[in-house]
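Worksheet: the structure to be examined is printed underneath.
The values are calculated or read from the model by the stated rules, or taken from the named source; none is laboratory data. These figures come from a predicted structure and were not determined experimentally. Neighbour counts are summed over all protein chains in view; Cβ atoms, including those assigned to glycine, are modelled from backbone coordinates with ideal geometry. In case anyone asks, the SASA skips ligands and DNA or RNA and just uses the protein heavy atoms, side chains included. Shrake-Rupley method; radii C 1.70, N 1.55, O 1.52, S 1.80 Å.
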Amino acid sequence: MNKIFTILIIFFLLAGATAVGLWMAGALPGVGKDQGRSSSLVVGVPQIGGPFSLVNHKGERVTEADFKGKLMLVFFGFTHCPDVCPTELQTISVAMQELGDAADQVTPVFITVDPERDTQELMADFVEAFDPSIVGLTGSQDEIADVMKKYRVYAQKRDEQDSEYYLVDHSAYTYLMDRDGELITVFSFGVSPEEMTAKIRENL
Ligand code: NI
């Protein structure tokens, strides 16, 4: 009787250990995989986004409330940018095309970090060259400084002789925001349109 009891105890202990082992083996690679994805950036990252009041490329005053109800792809840059901004806006344009019918649930937004030169007209010329759905936003120096701070965007005008043809170094992340304006994920510069489209589809 004692012997059977002991065998039963050992059986349950082994079964328990096996179950825990299987659970860990299943769970740990899952966690590891997720950490490699951009979505995990959201965890523990301070608040990104928030209220803003800016002027769109059609000359209308808009706030974050005007963008609610749709996902938002937010990219910061400047229209005189020779490479990074055109590249990223091209990626966004391709992603929007690949979304097909779902594209009407997403608003791509291009916010200038160079309000000094980026007038409403320049913003209109720039965004319309890429995709008709892209909304260009500019504003006063203070308004732009405020929205940059909320999205933790860095931009530094380069010291150059020419006061009109300067360059601006800037961070180049694309933020995917949900229908309430909350951050879903951040894409690094160089993300493929396919990855962008896949992430958007996951969150439609
Ligand atoms: Ni740029």
From the list 126, 130, which one is within 12 Å of the ligand (Cβ to nearest atom) and either of a type in the set (S, T, N, Q) or open to solvent by 20 Å² or more (accessible area, probe 1.4 Å) (or both)?
-> 126
Does residue 41 meet the test of being modelled with pLDDT under 95 and farther than 14 Å from residue 175 by Cα?
-> no
What tally of residues in the stretch 159-181 results from selecting those that are farther than 15 Å from residue 85 by Cβ, open to solvent by 30 Å² or more (accessible area, probe 1.4 Å) and either at pLDDT 95 or above or within 16 Å of the ligand (Cβ to nearest atom) (or both)?
-> 5
Matching entry among 55, 62 (being among the aliphatic types (A, V, I, L, M), touching a Lys or Arg at 6+ places or on another chain (Cβ under 7 Å) and over 17 Å from residue 172 (Cβ atoms)) | 55
Residue count, the stretch 72-123 (criterion: hydroxyl-bearing (Ser, Thr, Tyr), within 16 Å of the ligand (Cβ to nearest atom) and out of contact with any Lys or Arg (no Cβ under 8 Å at 6 or more places or on another chain)) | 4
Determine whether residue 202 is over 18 Å from residue 82 (Cα atoms) and either more than 12 Å from the chain's Cα centre (by Cα) or open to solvent by less than 50 Å² (accessible area, probe 1.4 Å) (or both).
-> yes
Flagged pairs (Cβ under 9 angstrom, 6 or more apart or on separate chains; first in the stretch 140-169, within 29 Å of residue 64 (Cβ to Cβ); second open to solvent by 50 Å² or more (accessible area, probe 1.4 Å) and polar (S, T, N, Q)) are 150/47; 168/156; 169/156
Which condition number in (1) closer than 16 Å to residue 175 by Cα; (2) of a type outside the set (Lys, Arg); (3) in contact with a strand residue (DSSP E or B) (Cβ under 7 Å, 6 or more places away or on another chain) is the one that residue 91 fails?
-> (3)
